[in-house]
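The values are calculated or read from the model by the stated rules, or taken from the named source; none is laboratory data. Predicted, not measured: the structure shown is a model, and the values here were computed from it. All Cβ positions, glycine included, derive from the backbone under ideal geometry; neighbour counts span all protein chains shown.
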Amino acid sequence: MTLPWLPPLVLFEDCNGDWTQYIEVVYAYFKQDFVDSKPLFRGVRMGLKRLPIEQGKEATFWHMTSEGKVEADRTPDLRRCERIRWPKPIVERVPCDDLRVWAELRRGENRIAIAPSDFSYIFILAERRGQQSAYYIPWTAYYVKYEHDRRHYEAEWRKKRING
């Protein structure tokens, strides 16, 4: 399911198969949405996990465009890259009938998951506590390929849902 209000995918083919050009195009969208502007989630500002900066790009960017458990060994994920324009409109649209939102505790911190109603894509925010106030950082985002994984996320949402 693609929600009609989501921007189009950013396709590798549009860069003629040139990975260096493609990653710069993908980064330009990320930078526009999360570095140059500061979106809000439920009226609360969003920051970024900037460090470590690799190839001149923030850690959050790499989490949203690659996969892997070990930071130094993450590999590019085209499905994540293609959808780089989706997180900002998703987070700004909550609450919305088309989106499912739930909270989970991961590694001792509160995380907020947001997904379209078919659970085909997940955007994760991490809650942080600053000296003066709480804020959120985009943590990661990914395409959910398999139906059994989508059912798993739907079950998680049913157990842990929160109001947008």
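Only one entry in F119, F123 is among the hydrophobic types (A, V, I, L, M, F, W, C), part of a loop (DSSP other than H, G, I, E, B), modelled with pLDDT of 90 or more and crowded, with 20+ Cβ neighbours inside 10 Å, namely F119. When the range 1-33 is limited to residues that are outside any loop (DSSP other than H, G, I, E, B), of a type outside the set (A, V, I, L, M) and within 16 Å of the chain's Cα centre (by Cα), the one that is surrounded by the most Cβ atoms within 10 Å (Cβ to Cβ) turns out to be F30. All conditions in (1) under 22 Å from S117 (Cβ atoms); (2) in contact (Cβ under 8 Å) with a residue 40 or more places away in the chain; (3) surrounded by fewer than 18 Cβ atoms within 10 Å (Cβ to Cβ) hold for W86, with the sole exception of (3). Against the criterion of being assigned to a helix (DSSP H, G or I), under 11 Å from the mean Cα position of the chain (by Cα) and either over 20 Å from L40 (Cβ atoms) or touching a residue at least 40 places away in the same chain (Cβ under 8 Å) (or both), T60 qualifies.
Among the residues of the range 63-78, those identified as in a helix (DSSP H, G or I) and closer than 16 Å to I124 by Cα are H63, M64, T65.
Checked against (1) modelled with pLDDT of 90 or more; (2) surrounded by fewer than 12 Cβ atoms within 10 Å (Cβ to Cβ), L51 passes all but condition (1).
When the residues of the range 126-152 are filtered to those that are assigned to a strand (DSSP E or B) and among the basic types (K, R), the one that is surrounded by the fewest Cβ atoms within 10 Å (Cβ to Cβ) is R129.
For the range 89-114, the candidate set comprises residues that are within 11 Å of the chain's Cα centre (by Cα) and either farther than 14 Å from W139 by Cα or β-branched (V, I, T) (or both); within that set, the residue that is surrounded by the most Cβ atoms within 10 Å (Cβ to Cβ) is I90. A count restricted to the range 84-113 and to residues that are in a loop (DSSP other than H, G, I, E, B), at pLDDT 95 or above and in contact with a helix residue (DSSP H, G or I) (Cβ under 9 Å, 6 or more places away or on another chain) stands at 2.
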